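We did not get these values from a lab; they are worked out from the coordinates using the rules stated. Treat the numbers as computed from the prediction; the structure is a model and nothing was measured. Glycine also receives a Cβ, built like all others from the backbone with ideal geometry; neighbour counts cover every protein chain displayed.
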Amino acid sequence: MSRKVMGVVMNGVTGRMGYRQHLVRSILAIREQGGLPLGDGTVLWPEPILVGRSAVKLKELADRHGLTHWTTSLDEALAHPLAEVYFDAQVTPAREAALRTAIAAGKHIYTEKPTAESLAGALELARLARAAGVCNGAVQDKLFLPGLLKLKRLVDGGFFGRILSVRGEFGYWVFEGDWQSAQRPSWNYRAEDGGGMILDMFPHWRYVLDGIIAPVRSVYAHTATHIPARVDESGRSYQATADDAAYGVFELAGGITAQINSSWAVRVDRDELVEFQVDGTEGSAVAGLRNCRIQHRASTPKPVWNPDLPAGESFRSQWQQVPDNDEFDNGFKVQWELFLRHVATGSAYHWDLLEGAKGVQLAELGLQSAREGRRLDVPELTL
């Protein structure tokens, strides 16, 4: 069995998401399992090349995990003799320029979302990558979560009959940072730094709806900044200039209505931090990150409205859990493996920068809808 070493330049891994999900739970996890088998007797061995702004943080991280390649120079990282793939998990405003530099250097591109701050920028990145002939992909991790994989299985199997609607609830209470430290970085709440709920989450909702239910055809959004003042990591008060909640109504192909509430100012009364309820003529399902439960038409109870009496039945107990029927790995790692295999073997890969641009498009239209107070169509995107 031969080993193919593939250098992966990883920018932004000193941040929470870049470190936990992409470096530790994806790239290092692939190494811990002995590499990625390519099916022809070759094992792909990803070699991280860390890049970022802080030499102190990079060295500490590299020492912690026994890594040897790190630098504060993007050009130096891209020029490394092993470098084949560039990955970006930086803050959004820094992403587009770095991706352009990596494409110009001939590197294959894999990036967090949103891929750019504007639709024009996102489409230009997709065009540049295509012209350069490099493999390219955008992170769409939620498609690989157990709960949503089960939901996709139900859709593909015709469980719902004609799908009528989707209801999504996402979010949790992010502490203001005064008497308890916030669980999310302060830049998330400053529009000038690329923060905002719509820019953060509408790209997710685009690929979830498009990929599991049906393509998005229109959007109406309302935004709010429920918590106007917060305290940052250094204990300094600051004004929140970005939306911390977004309430969206989406029309999908086939006349399906989707409504998704997203908020950093909501206390959780759900089984999971995100849940989607899909209702159809033949059955319904509620899917979260890991679990999915269903209620078929034949077993649907017949509630009767009577506010004068307490509820006499446990509605949640009337649903049935969908079995795993499979072993589920970390969603980020699964998509990393698909992308690395795509680069190494030319295998099919759907989630490219054009798909990433669709998420930026929906975010841009959502922000416009919120400003103008009207529903907007979502045009088809082509390069």
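Things to note:
- Applying 1/(1 + (r/R0)^6) with r as the Cβ-Cβ distance of ALA97 and TYR238 and R0 = 30 angstrom yields a FRET efficiency of 0.75.
- Computed extension gain for THR382 through HIS65, at 0.36 nm per residue and net of the alpha carbon distance, reaches 109.9 nm.
- Measure of compaction for segment 175-332 (Cα Rg per 2.2 N^0.38 Å): 1.28
- Mean sequence separation of contacting Cα pairs (under 8 Å, at least six apart), scaled by the length of segment 230-322, corresponds to a relative contact order of 15 percent.
- Residue of SER186, SER299, SER234 that the Gaussian network model of the chain assigns the largest fluctuation, springs spanning Cα pairs under 10 Å: SER234
- Pair THR300, PHE328: separation of 7 Å Cα→Cβ label points (nm): 2.5 nm
- In percent, rounded to a whole number, the relative contact order of the chain is 20, using alpha-carbon pairs under 8 Å and six or more apart.
- Shown here is the pair-distance distribution of the chain: with all Cα-Cα distances grouped in 10 Å bins from zero up to the longest one, the shares run 5, 21, 30, 26, 13, 3, 1, 0 percent.
- Gaussian network model of the chain, Cα within-10 Å springs - most flexible of VAL85, VAL304, VAL51: VAL304
- Among SER218, SER317, SER347: highest mean-square fluctuation, GNM of the chain, C-alpha pairs under 10 Å: SER317
- Per-residue ellipticity at 222 nm computed for the chain from its helices equals -8500 deg cm²/dmol, with DSSP H segments shorter than 4 residues left out and the rest contributing -39,500 (n - 2.57).
- Distance between segment 295-325 and segment 187-211 - C-alpha centres, whole angstrom: 34 Å
- Whichever aspartates and glutamates have a C-alpha closer than 19 Å to that of LYS358, once near sequence neighbours (fewer than 8 apart) are set aside: ASP88, GLU96, GLU112, GLU117, GLU124, ASP141, ASP200, ASP210, GLU251, ASP377, GLU380
- Given their separation in residues at 0.36 nm each and the Cα-Cα distance between them, ALA79 and ALA224 gain 47.8 nm when the chain is fully extended.
- In terms of surrounding Cβ atoms within a 10 Å radius of their Cβ, TRP173, TRP305, TRP179 rank from fewest to most as TRP305, TRP179, TRP173.
- Whole-angstrom Cα spans of segment 52-173 along principal axes, big to small: 55, 38, 28
- Each residue, VAL5 and VAL43, gets one label point 7 Å from its Cα in the Cβ direction; the gap between the two is 1.5 nm.
- Sorted on the mean count of surrounding Cβ atoms within 10 Å across their residues, most packed first, peptides 148-155, 247-254 read 148-155, 247-254.
- Normalised per residue, the volume of the convex hull around the Cα set of segment 252-351 (Å³): 198 Å³
- The THR345 and ARG53 beta-carbon pair, evaluated with R₀ = 41 Å, returns a calculated FRET efficiency of approximately 0.75.
- Rounded D (µm²/s) - segment 239-281, Kirkwood Rh over Cα pairs, Stokes-Einstein at 37 °C, 0.692 mPa s: 257 µm²/s
- Spatially, segment 243-270 and segment 1-55 are offset by 34 Å when compared through their Cα centroids.
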